[in-house]
Amino acid sequence: MPAEHHVSLDDIRAAAARISGHVLRTPMAQSSSLSALCGVPVHLKLESHQRTGAFKLRGATNAMLTLSADQRKHGVVAASTGNHGRALAYASRSVGSKATICMSSLVPQNKVDEVRRLGAEVRISGKSQDEAQVEVDRLVAHEGLVMVPPFDNAAVIAGQGTIGLELIEDLPELETVLVQVSGGGLASGIAAAVKALKPDVKIIGLTMDRGAAMKLSIAAGHPVEVEEYPSLADSLGGGIGLDNKLTFSMCRALLDDIVLLTEAEIAAGIRHAYEQEREVLEGAGAIGIAALIAGRFKLSGPTAVILSGRNIDMRLHRHIINGGELENAT
Ligand SMILES: *Cc1c(COP(=O)(O)O)cnc(C)c1O
């Protein structure tokens, strides 16, 4: 493999040994409806059943377990309103450390309460995610807290990559993986594991059509800034960081394609997951199903679809299931 792959199969195997017992080894379920639709066996990797409701617990737990005893004593910090914040809150408590999650004053109270309930301290600071990040930097500089970033970090990528090991264990005849791409930690980790074990497996990245930071960055040849739009797949929002160190080069080298989905397609994925698979998924979690029912691929053989998370506002979920209008529809 080219030298620019910074996270290796050995790193991912070490992560798997480390986090075993702290996170769920999630099941794979064959989908009869999607297998019939696509004409090949389609298997759902139920990372939505992971503790805290999303895969991010794997990376956060691996990061916590690679810290020194002294670092763990000081605690960790991140600016996240979503699944990374939840994961870090849970993971830090499970290893006897402490997380501080910085959020802006505009973050809805239910998100604040959820992170507190998982055991983290919440610092409200500023009126935007960038201003919350200023507080993170201050806590790192002045109080010795360790920042755990959501994707561009070797321990986090290796933790997410443990999903790839499980895919090959459970489905050795695997030919295609459909995986969400935002910052690229999930896709980098899974692709590094799967391609090291079975180089011919195709790894297709998926994201929403507006603000597709990784796809635009790969096209430009370097990380680019993108405008952010509201989306049903809110967990896929945000950029990849202009000083990206790992996930840009890993995704560029390892992903076979990145495919974009509209809001209406993502809504159809959420509905199909609920009605046919009996799964509650957030938009990001349902995007693989969305791509299959939109008929975006000609699949050659056994396919694994990552269901990455289920943390959706249940009022929004009911609205979508009932076929309600989409505010941000394209
Ligand atoms: C964070 C997240 C993603 C995207 O992961 P990246 O590592 O940022 O690419 C996908 N789905 C869910 C549910 C997430 O929370």
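When you go through R296, R252 one by one, which is the residue that is within 16 Å of the ligand (Cβ to nearest atom), over 16 Å from the mean Cα position of the chain (by Cα) and open to solvent by 10 Å² or more (accessible area, probe 1.4 Å)?
Result of the check over R296, R252: R252.
Of the numbered conditions (1) more than 14 Å from the ligand (Cβ to nearest atom); (2) modelled with pLDDT of 95 or more; (3) hydrophobic (A, V, I, L, M, F, W, C), A54 satisfies every one except a single condition; which is it?
(1)
Collect the residues in the stretch 295-323 that are part of a loop (DSSP other than H, G, I, E, B) and either touching a helix residue (DSSP H, G or I) at 6+ places or on another chain (Cβ under 7 Å) or over 30 Å from V107 (Cα atoms) (or both), keeping them in residue-number order.
Matches in the stretch 295-323: G295, R296, F297, K298, L299, S300, G301, P302, S308, R310, N311.
Give the stretch 58-83 a look and list any residue that's farther than 16 Å from H22 by Cα and within 22 Å of the chain's Cα centre (by Cα), or say none.
V76, V77, A78, A79, S80, T81, G82, N83, listed by residue number.
So which residues in the stretch 73-101 are in a helix (DSSP H, G or I) and under 15 Å from A155 (Cα atoms)?
Across the stretch 73-101, the qualifying residues are H84, A87, L88, A91, S92.
Which count do you get for residues in the stretch 102-133 that are assigned to a helix (DSSP H, G or I) and either within 17 Å of G238 (Cα to Cα) or open to solvent by less than 70 Å² (accessible area, probe 1.4 Å) (or both)?
9
Any chance the stretch 174-183 includes a residue that's modelled with pLDDT of 95 or more and open to solvent by 40 Å² or more (accessible area, probe 1.4 Å)? Spell out how you get there, then give the answer.
Initially, the stretch 174-183 is screened for residues modelled with pLDDT of 95 or more, giving 174-183.
Restricting the remaining residues to those that are open to solvent by 40 Å² or more (accessible area, probe 1.4 Å) gives 175.
Yes, the stretch 174-183 contains a residue that is modelled with pLDDT of 95 or more and open to solvent by 40 Å² or more (accessible area, probe 1.4 Å).
Quick grid of which residues meet (1) within 16 Å of the ligand (Cβ to nearest atom); (2) within 20 Å of I289 (Cβ to Cβ); (3) part of a helix (DSSP H, G or I):
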site: S33; (1), (2), (3): no, yes, yes
site: V40; (1), (2), (3): no, yes, no
site: L44; (1), (2), (3): yes, yes, no
site: S48; (1), (2), (3): yes, yes, yes
site: R58; (1), (2), (3): yes, no, yes
site: D70; (1), (2), (3): no, no, yes
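What are the residues in the stretch 255-275 that are open to solvent by less than 20 Å² (accessible area, probe 1.4 Å) and either aromatic (F, W, Y) or in contact with an Asp or Glu (Cβ under 6 Å, 6 or more places away or on another chain) (or both), if any?
A273
The values are calculated or read from the model by the stated rules, or taken from the named source; none is laboratory data. Since this is a predicted model, take the numbers as computed values, not measurements. A quick note on method: Cβ atoms are made from the backbone with ideal geometry, for glycine too, and the neighbour counts reach across all protein chains shown. The protein model used for the area step is the full one, side chains on, heavy atoms only, and it has no ligands, DNA or RNA in it. Shrake-Rupley method; radii C 1.70, N 1.55, O 1.52, S 1.80 Å.
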